[in-house]
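The values are calculated or read from the model by the stated rules, or taken from the named source; none is laboratory data. A quick note: this is a predicted structure, and the numbers were derived from the prediction, not measured. Positions of Cβ are backbone-derived with ideal geometry, glycine not excepted, and every protein chain shown enters the neighbour counts.
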Amino acid sequence: MNKLLKPDTDSGKKEAETSPVNRRSFLRAAGIATSLGTIALTTACKDDDPDPMPGTGDTVDLGSADTGVLNYAYALEQLEAAFYSQVITTPYAGMTDAEKTILTDIRDHEIVHRDFFKAALGDKAIKGLTPNFSSIDFTKKEAVLGAAKLFEDTGVAAYNGAGKLLKDGGNLLLAGKIVSVEARHAAVIRDLINPKSADFAGDDILDANGMDKAIAPADILAAVKGFVKETINGANVGK
């Protein structure tokens, strides 16, 4: 697995800072409700997470060309939305009000992203995936934030790696807007794990030119396969 995709469990032992104001404002600034239209308005404030119809553990083909790239993003957003929904439904021991506020904001963003891709793809959307989070101990803060870091860092690298495969300029523009939100999520999660540090832009996620790393779809799908029961076939993504 790519080094970027491994959560840093040691840093998760540090106590997270509890002041909600700056972090929550930071996340609110990342909201994309206006650019995503009515989908955002109807989903971002829901307390529950109406998942897409779950799959049955079989093979899911993402498709080709831009449809394949969008389904690839849709698959990742499904996992993120399901993860944060579980985090809020079963909070880890000692979760502070500030942490819950931040994690709820992230959950709402991920639900918006997921539902946007589902609507944009229409009848070309893959079915709902079946998450497998059995390896994550949702009762422990260290495990939850470590997994959140993994998902967010992976998400940013995934969008960066797939962007060049998009042929439609409008799709590329939307992907750019969404990846910027994912990067904000990644930064705030890293700050929860290690407050007041430089981890928000750590050497493990930035290259020598100060740019976020980009990882190809095949490598991302290999890294996340343990978190979904279906086998995802992305061989033709972007082709």
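Within the stretch 94-106, how many residues turn out to be part of a helix (DSSP H, G or I) and in contact with a Ser or Thr (Cβ under 6 Å, 6 or more places away or on another chain)? Can you show your working first?
First, pick out the residues of the stretch 94-106 that are part of a helix (DSSP H, G or I): 97-106.
From the residues that got through so far, the ones that are in contact with a Ser or Thr (Cβ under 6 Å, 6 or more places away or on another chain) too are 98.
Looking only at that region, the number is 1.
Do we have Lys100 as buried (at least 17 other Cβ atoms within 10 Å of the Cβ) and modelled with pLDDT of 95 or more here?
Spelling it out, it is not the case that Lys100 is buried (at least 17 other Cβ atoms within 10 Å of the Cβ) and modelled with pLDDT of 95 or more.
For the stretch 177-187, state whether one or more residues are within 14 Å of Ala73 (Cβ to Cβ), at pLDDT 95 or above, among the acidic types (Asp, Glu) and not in a loop (DSSP other than H, G, I, E, B).
Yes; the residues of the stretch 177-187 include at least one that is within 14 Å of Ala73 (Cβ to Cβ), at pLDDT 95 or above, among the acidic types (Asp, Glu) and not in a loop (DSSP other than H, G, I, E, B).
Quick check on Leu166: is it modelled with pLDDT of 95 or more and not in a loop (DSSP other than H, G, I, E, B)?
Spelling it out, it is not the case that Leu166 is modelled with pLDDT of 95 or more and not in a loop (DSSP other than H, G, I, E, B).
If a residue must be of a type in the set (Ser, Thr, Tyr), assigned to a helix (DSSP H, G or I) and either over 17 Å from Pro131 (Cβ atoms) or in contact with a Lys or Arg (Cβ under 9 Å, 6 or more places away or on another chain) (or both), how many such residues does the stretch 82-93 contain?
Of the residues in the stretch 82-93, the ones of a type in the set (Ser, Thr, Tyr) are 84-85, 89-90, 92.
Filter again for assigned to a helix (DSSP H, G or I), leaving 84-85, 89.
So of that shortlist, the ones also either over 17 Å from Pro131 (Cβ atoms) or in contact with a Lys or Arg (Cβ under 9 Å, 6 or more places away or on another chain) (or both) come out as 84-85.
So the answer is 2.
Does Leu192 satisfy being touching a helix residue (DSSP H, G or I) at 6+ places or on another chain (Cβ under 7 Å), at pLDDT 95 or above and part of a helix (DSSP H, G or I)?
yes
In the stretch 195-207, how many are assigned to a helix (DSSP H, G or I) and among the acidic types (Asp, Glu)?
Within the stretch 195-207, residues that are assigned to a helix (DSSP H, G or I) and among the acidic types (Asp, Glu) number 1.
Can you work out which of the residues in the stretch 208-239 that are in a loop (DSSP other than H, G, I, E, B) and either of a type in the set (Gly, Ala, Ser) or in contact with a strand residue (DSSP E or B) (Cβ under 6 Å, 6 or more places away or on another chain) (or both) is surrounded by the most Cβ atoms within 10 Å (Cβ to Cβ)?
The residue in question is Gly234.
When the stretch 104-119 is examined, which residues are found to be buried (at least 17 other Cβ atoms within 10 Å of the Cβ) and hydrophobic (A, V, I, L, M, F, W, C)?
If the condition is that a residue be buried (at least 17 other Cβ atoms within 10 Å of the Cβ) and hydrophobic (A, V, I, L, M, F, W, C), then Ile106, Ile111, Val112, Phe116, Phe117 are the ones that fit.
Identify the residue in the stretch 65-81 that is touching a residue at least 40 places away in the same chain (Cβ under 8 Å), closer than 20 Å to Phe133 by Cβ and in contact with a Lys or Arg (Cβ under 8 Å, 6 or more places away or on another chain) and, among all such residues, is surrounded by the most Cβ atoms within 10 Å (Cβ to Cβ).
This residue is Gln78.
Rundown of residues vs (1) assigned to a loop (DSSP other than H, G, I, E, B); (2) within 21 Å of Val228 (Cα to Cα); (3) charged (D, E, K, R); (4) touching a residue at least 40 places away in the same chain (Cβ under 8 Å), yes/no style:
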position	(1), (2), (3), (4)
Arg114	no, yes, yes, yes
Ala119	no, no, no, yes
Gly122	no, no, no, no
Val144	no, yes, no, yes
Leu150	no, yes, no, yes
Asn171	no, no, no, yes
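Give the stretch 188-207 a look and list any residue that's of a type in the set (Lys, Arg) and either within 27 Å of Tyr74 (Cβ to Cβ) or surrounded by 19 or more Cβ atoms within 10 Å (Cβ to Cβ) (or both), or say none.
Arg190
Is there a residue in the stretch 149-156 that is small (Gly, Ala, Ser) and either buried (at least 19 other Cβ atoms within 10 Å of the Cβ) or within 19 Å of Ala73 (Cβ to Cβ) (or both)?
Yes; the residues of the stretch 149-156 include at least one that is small (Gly, Ala, Ser) and either buried (at least 19 other Cβ atoms within 10 Å of the Cβ) or within 19 Å of Ala73 (Cβ to Cβ) (or both).
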